[in-house]
Structure formats: structure tokens, C-alpha cells
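The values are calculated or read from the model by the stated rules, or taken from the named source; none is laboratory data. Computed from a predicted model, the values in this text were never measured in an experiment. As a convention, Cβ positions derive from the backbone with ideal geometry for all residues, glycine included, and neighbour counts pool all protein chains shown.
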Amino acid sequence: MPAERANHKPGPLRELLDHIEASAGALERPGLEEFQELWGRIRNGSQVRLSLARVPQGAGPLHSSTLLHRAMTLMRTASPGYLEHFIAYADALSWMEQLQPGDVPDRPPAKPRTRKRAP
């Protein structure tokens, strides 16, 4: 970088843009955080209701859908923040699963490794 550019002071347009970005960010952040919290509560409620809808009639207490619904209900009561992170994690895993092509065959199981015995 030339020496004259290293000591170059930002022009008035850059200063104006920096000022607008700083002002807009300070004004929008509280509203954005409030919206994110509201959306999180709505999403969590929706996911819990969806998990209940997926529980088959007559499913036993150890059925995976029953266990998932029970876990999500307890999380919502005990720690809504944890439920929010749990749902985000599950959504990310689901999204990553959808990225995989469906026609890729499963990898064959690895051969078990055997230890060589000392002579």
C-alpha cells in the first residue's frame, strides 16, 4: 500500500456512511432483538405442537416421537432458552441432511480392527 494511502483520512462521504450505519444500528437493535425473541417463542410453540402431532396413536412410552415430545415439553417448562438452542440445533441437522444427495449409497461398515499379538 503506498504511504500516501496509509495516512489517508476518510472522505466526508465515508464519514457520513459510518455515521448512518452507527445510528441505524443503534436504533434497530432493540427492535430486532425483540422480534427475534418473539419469533423464538412462536417457533418453539409451533415445534412442540408439531412434535405432538407426530406421535402415533397408541405409541408406547419409549417410542421416539413420544420421548421427543416429552423432552421438548419439559425443556419448554424448565428452560425455554435451552429449548430454543435445541430446536436451532435440530433444524441445522435437518438442513444438513437435506443437502446430501439421496442417491448416494450408504458407506459399507468398516472392517473390525484386530490387534496383533506379541510373539
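Looking only at region 1-52, how many residues end up being farther than 30 Å from residue 72 by Cβ, modelled with pLDDT of 80 or more, part of a helix (DSSP H, G or I) and among the small types (Gly, Ala, Ser)? Final tally of qualifying residues: 0. Filtered by the rule that a residue be loosely packed, with under 14 Cβ neighbours inside 10 Å and in a helix (DSSP H, G or I), region 53-66 gives 53, 64. Filtered by the rule that a residue be under 18 Å from residue 90 (Cα atoms) and of a type in the set (A, V, I, L, M), region 53-78 gives 53, 55, 67, 68, 71, 72, 74, 75.
With respect to being modelled with pLDDT of 85 or more and among the aliphatic types (A, V, I, L, M), residue 75 fits the description.
Considering only residues that are more than 14 Å from residue 86 (Cα to Cα) and of a type in the set (Lys, Arg), which ones fall in region 29-49? Matches in region 29-49: 29, 49. Pairing each residue of region 67-90 that is farther than 15 Å from residue 37 by Cβ with any residue that is surrounded by fewer than 13 Cβ atoms within 10 Å (Cβ to Cβ) and not β-branched (Val, Ile, Thr), provided the two are 6+ apart or on different chains, yields C-beta distances under 7 Å for 75/82.
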